[in-house]
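This report refers to the structure that appears directly beneath it.
Where a number appears in this text, it was derived from the coordinates with a stated rule and is not lab data. None of the values given here were measured: they were computed from a predicted structure. FYI the Cβ positions are ideal-geometry reconstructions off the backbone, even for glycines, and counts take in every protein chain you see.
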Amino acid sequence: MIIELSTNFNDVISLIEQAKNRVNAYVNRELIGLYIGIGEYVSKKVHADGWGKNTVKMLSDYLTEKYPDVKGFSAQNIWRMKQFYEIYEADEKLSTLSRELSWSNNCIIFSRAKTAEEREFYLKIAGKERYSARELERQLDSSLFERVAISDTKKSLGLIPAGETLTFIRDNYMLEFLSLQEGFKEKDLRKQIVSNQDRGPFRDIFQGPAI
């Protein structure tokens, strides 16, 4: 009886965790949308009003004063937002894909990928496999895109090990945005839920419409 109840209780926990995952994904999309908006605003100010490093630094200081617990408004990160907006402003598909990844992963992709095709590849694979920033960098360092392009076959994808299965909530920018600390207690439950999800490596990444 106790074992049966425990199973039932775990079913409820699964429902709660799935709801939290959806909320986290929603917050992440809103955060990326915010950064795109700030990037667009700064980009237009740079071109129309001649904003430079000093003005952006003043903006950073102002935002930091208003939101002291959020480190995402550093001058360096604001320039990243501008670059991010300018790279994806003309490509709606890639802009949509970018909203499914953490800001850290987006920064890695748009700063290191050389073409729109390569950016799309890493946006899709990082989203499907829930790559951590470290795993994504490892795949870029190993020239995964080039190797897959050279192989020209989906079969070879099965030989590539899957990355770490981490969720958006582990991203530092998300933690700050939600005012969470690194050691929040729900992470063990989240790992358990994620580890049981049916997400084979590279599954459907080249099939169907964009995410």
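What to note about this one:
- Count of segment 132-149 residues which are part of a loop (DSSP other than H, G, I, E, B) and over 15 Å from Phe121 (Cα atoms): 1
- Scanning segment 85-116 for residues that are assigned to a helix (DSSP H, G or I) and either in contact (Cβ under 8 Å) with a residue 40 or more places away in the chain or touching a strand residue (DSSP E or B) at 6+ places or on another chain (Cβ under 8 Å) (or both) yields Tyr85, Glu86, Tyr88, Lys93, Ser95, Thr96, Leu97, Ser98, Trp103, Ser104, Asn105, Asn106.
Residue-by-condition table, conditions (1) part of a helix (DSSP H, G or I); (2) in contact with a helix residue (DSSP H, G or I) (Cβ under 8 Å, 6 or more places away or on another chain); (3) closer than 30 Å to Lys128 by Cβ:
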residue	(1), (2), (3)
Leu31	yes, yes, yes
Ile38	yes, yes, yes
Lys44	yes, no, no
Trp51	no, yes, no
Tyr62	yes, no, no
Asp69	no, yes, no
Gly72	yes, yes, yes
Gln83	yes, yes, yes
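- Among the residues of segment 30-67, those that are charged (D, E, K, R) and either touching a Ser or Thr at 6+ places or on another chain (Cβ under 8 Å) or free of Cβ contacts under 8 Å to residues at least 24 places away in the same chain (or both) comprise Glu30, Lys44, Lys45, Asp49, Lys53, Lys57, Asp61, Glu65, Lys66.
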